[in-house]
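> This is the structure, below, for whatever I ask next.
The values are calculated or read from the model by the stated rules, or taken from the named source; none is laboratory data. Please read all numbers here as calculations on a predicted model, not as lab measurements. Ideal geometry is used to build each Cβ from the backbone, glycine not excepted, and the neighbour counts take in all protein chains shown. For the accessible areas, the whole protein counts, side chains as well, though only heavy atoms, and no ligand, DNA or RNA atoms are used. Shrake-Rupley method; radii C 1.70, N 1.55, O 1.52, S 1.80 Å.
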Amino acid sequence: MQNTLTDLIRLQEKAYGPGRAAYSRIDVAGKKCVATSWGEFRRDVDRMAYALEILGIQPGEMVAVVAHNCPEILITDFACYRNRAVPVSIYATSSPEQIQFIVNDAGAQAIVVGSQALYRAVRSVMPQCPRLKKIIAIDPDIEFDNDDTVSLRFSEVLELGSVASPDCMADVDIRTAEATPDDVATLIYTSGTTGEPKGAVLTHSCFTAALDKHREMLTQLSDADTSVCFLPLSHIFEKAWTYFCLSMGMHVYINSNPKEIQEAIPLAKPTCMCSVPRFWEKVYTAVQEKIAGMKGIQKVMVQRALKVGAKRNLEYKRLGLEVPKLLEMEYRFYDKKIFAKVRHVIGMDNGRFFPTAGAPISGNIVEFLKAIGLNIVVGYGLSETTATVSFYPDVDYVIGSVGNPLPGVQVKIGENNEILVKGPTVMRGYHNRPEENAKVFTADGWFRTGDAGLFDHSGSLVLTERIKDLFKTSNGKYIAPQAIESRLGEDRYIEQVAVIGDQRKYVTAIIIPAFGALKEYAQKKGITFDSIEDLVQNSEIRKFIAERIERMQKGLAGFEKIKRFTLLPREFSIETGELTNTLKIRRPVINSLYANEIEAMYC
């Protein structure tokens, strides 16, 4: 079996010609996209590959990369694959301590850094990283320390590769030819919600199997499609999705600043893009806010349009049924007059396929997006499974589920309803973690995901809770906090939620309001405040949020409902340790930091 990634860029240049665009860097400030051809991409990958050989990187050795999304990450990845070396991506939001841990755990020989701040972070911990020998700086404006004798600029490294000797080039070609499916492709470090991050060892065979199966299933996508690289490339979802897009010959648009995604998407106008549910929650609340502000015939028309869209796309298209002619005509009218305009504002005029995973997403949001013609495809996966375990099929998908298992990936339900996975995309194990590996694999080789779920009557996989997050009240009732948090996340006035209640007599929550929306509400109601602290402590605001929480909890059992809550004047952040690099809540940290506030809710 040939490794898909090892010589992918060269093969794509041959397939599409050197002049066709492979990727573009999105320049939000300049309101343009700067394209790079397959020929230029291949040239840079080869130069980087030769330079790594000259710098002494051997097959099997690790090269760390810590940077916000940029083409240099992909160049480094594929240069490593040409050398049988192993790129290890680190989140650009990582602390110096986290960078130090991963560099040492992986045993990285070199590290590619994206910015001045990341250069400083690496320099500060380099004395504690004995195997780290080289720093390669992407941003040309990075200022090196006066005593720095180990750093090179990315442009200098490419120049080094451009004058490589014939022997060097031949050595790299030999390494490429000798690559095997069992070679380690990368280590993907988990977010570490409850402890130190662990490096999932993904082999080339894992990626080859994943890419092959996705090409087999996603026949609606082709090299005519375009995608925006939005999530961090250190996230397995984005890394695997971007590799898939490149393997399909798609034009990939690279967004370097996640905070600029709303400006970046209209510039790229992607037909597909992977994202986490929070992105769609914000789209949903923004559109709902617009609808709420409408009046008269306009509002009636939009509400009718949504009913027609839901009937057509959920009751007929979802089930593979022929749409009645009158319904189709009415839908086309509303699609042209309303839905197309909504999609245009979002920047998804030509959107066709939008996979989402990484956290629970409300069925209400999925139904709304489907109604307006955005093909959101809910799935489930993990770092340890090379991303996808399951996702919605084209037809007969069940809203509320995470779809059907990827062909070739076996899924079953084990003890405590835990989802178990086996197949060619499952990791070899955690790097340097023999004891952990013994825990996460059953005796007969099934990977324990840590997620609980079930198969419904249609054979769709349904997630019920994250087992480690599941807690029990003092009354013996089990609570799945993620489900409650996801439900409240639909509300335009609520930004973040941490549900509390382990061994407590009732459920409470720490809530971060959406400050912009809350300020607007306060001004509209004549509520005066001097600061955010004043705003969240205001009795009228608390009453307003309480009423919204009560409405959002409709249908929950009494013991599941939030009885008391605390509003905080600032967001949870990665810097304070409250969130992981993938924006998951670190519950132990929140329980510790807000112990006083939590105790006050139980007095």
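> With θ set to phi - 60° and the Karplus curve 6.51 cos²θ - 1.76 cosθ + 1.60, what are the ³J(HN,Hα) couplings of segment 70-77 in order, to the nearest whole Hz, using x for Gly and Pro?
Here the 3J(HN,Hα) series is 6, x, 4, 5, 5, 4, 5, 3 Hz.
> Please give the per residue accessible area of segment 350-445, computed with a probe of 1.4 Å over protein heavy atoms only, in Å².
Heavy-atom SASA per residue in segment 350-445 reads 39 Å².
> Quickly work out the Lys341-to-Glu315 label distance, labels modelled 7 Å from Cα along the C-beta direction, and quote it in nm with one decimal.
2.5 nm
> How far apart, in nanometres, would the label points at Lys32 and Lys524 be if each is projected 7 angstrom from Cα along the Cα-to-Cβ direction?
About 4.1 nm, to one decimal.
> In addition: Just order 60-67, 136-143 by mean Cβ neighbour count inside 10 Å, highest at the front, would you?
Ranked by mean Cβ neighbours within 10 Å, highest first: 60-67, 136-143.
> Could I ask something else about it? Taking a probe of 1.4 Å, how large is the accessible area per residue of segment 1-111, in Å²?
Per residue, segment 1-111 has an accessible area of 34 Å².
> Expected output is a single nm value to one decimal: the length gained when fully extending between Ser458 and Glu178, i.e. 0.36 nm times separation in residues minus the C-alpha distance. What is it?
Using 0.36 nm per residue and subtracting the Cα-Cα distance, I get 96.3 nm.
> May I ask you to derive the relative contact order of the chain, considering only C-alpha pairs under 8 Å and at least 6 residues apart, and to give it as an integer percent?
11 percent
> Evaluate E = 1/(1 + (r/R0)^6) for Asn146 and Ser573, where r is the Cβ-Cβ distance and R0 equals 35 Å; express this FRET efficiency to the nearest 0.05.
Calculated value: 0.60.
> With an 8 Å cut-off on Cα pairs and a minimum separation of 6 or more residues, tell me the relative contact order of segment 55-105 in percent.
Relative contact order comes out at 43 percent.
> Which order do the peptides 23-30, 116-123 take when ranked by the mean count of other beta-carbon atoms within 10 Å per residue, highest first?
116-123, 23-30
> Cα centroids of segment 52-72 and segment 333-404: how far apart, whole angstrom?
35 Å
> Just subtract the alpha-carbon distance of Lys554 and Asp167 from 0.36 nm times their residue separation and send over the number in nm, one decimal.
Going from the current span to full extension adds 132.3 nm.
> For segment 548-603, which chymotrypsin sites (Phe, Trp or Tyr not before Pro) pass both filters: DSSP loop (anything but H, G, I, E, B) and at most 14 other C-beta atoms within 10 Å?
Sparse-neighbourhood loop chymotrypsin sites (Phe, Trp or Tyr not before Pro): Tyr602.
> Hey, another quick one. Counting only heavy atoms of protein chains, what accessible area per residue, in Å², does segment 461-512 have with a probe of 1.4 Å?
39 Å²
> Beyond a 30 Å Cα-Cα separation, which of these cross-linked pairs lie in this structure: Lys259/Lys290; Lys290/Lys317; Lys198/Lys505; Lys422/Lys468; Lys337/Lys519; Lys290/Lys370?
The answer is Lys198/Lys505; Lys337/Lys519.
> Another question, if that's okay. Please state the relative contact order of segment 97-142 as a whole percent: Cα pairs under 8 Å, 6+ residues apart?
For segment 97-142, the relative contact order is 51 percent.
> Follow-up. Using the crude model of +1 on Lys and Arg Cβ and -1 on Asp and Glu Cβ, and no other charge, please compute the dipole size for the chain relative to its Cα centre, in debye to 20.
Approximately 2520 debye in magnitude.
> Counting only protein heavy atoms and using a 1.4 Å probe, what share of the accessible area of the chain belongs to carbon plus sulfur, as a whole percent?
The nonpolar share, carbon plus sulfur, comes to 51 percent.
> Of the DSSP beta bridges with both residues in the chain, give the percent that are antiparallel, rounding to the nearest 5.
55 percent
> Let me ask you something else. Hey, what does the equivalent ellipsoid look like for segment 176-239, semi-axes from the Cα gyration tensor as sqrt of 5 times each eigenvalue, largest first, whole Å?
In descending order, the three semi-axes are 24, 19, 10 Å.
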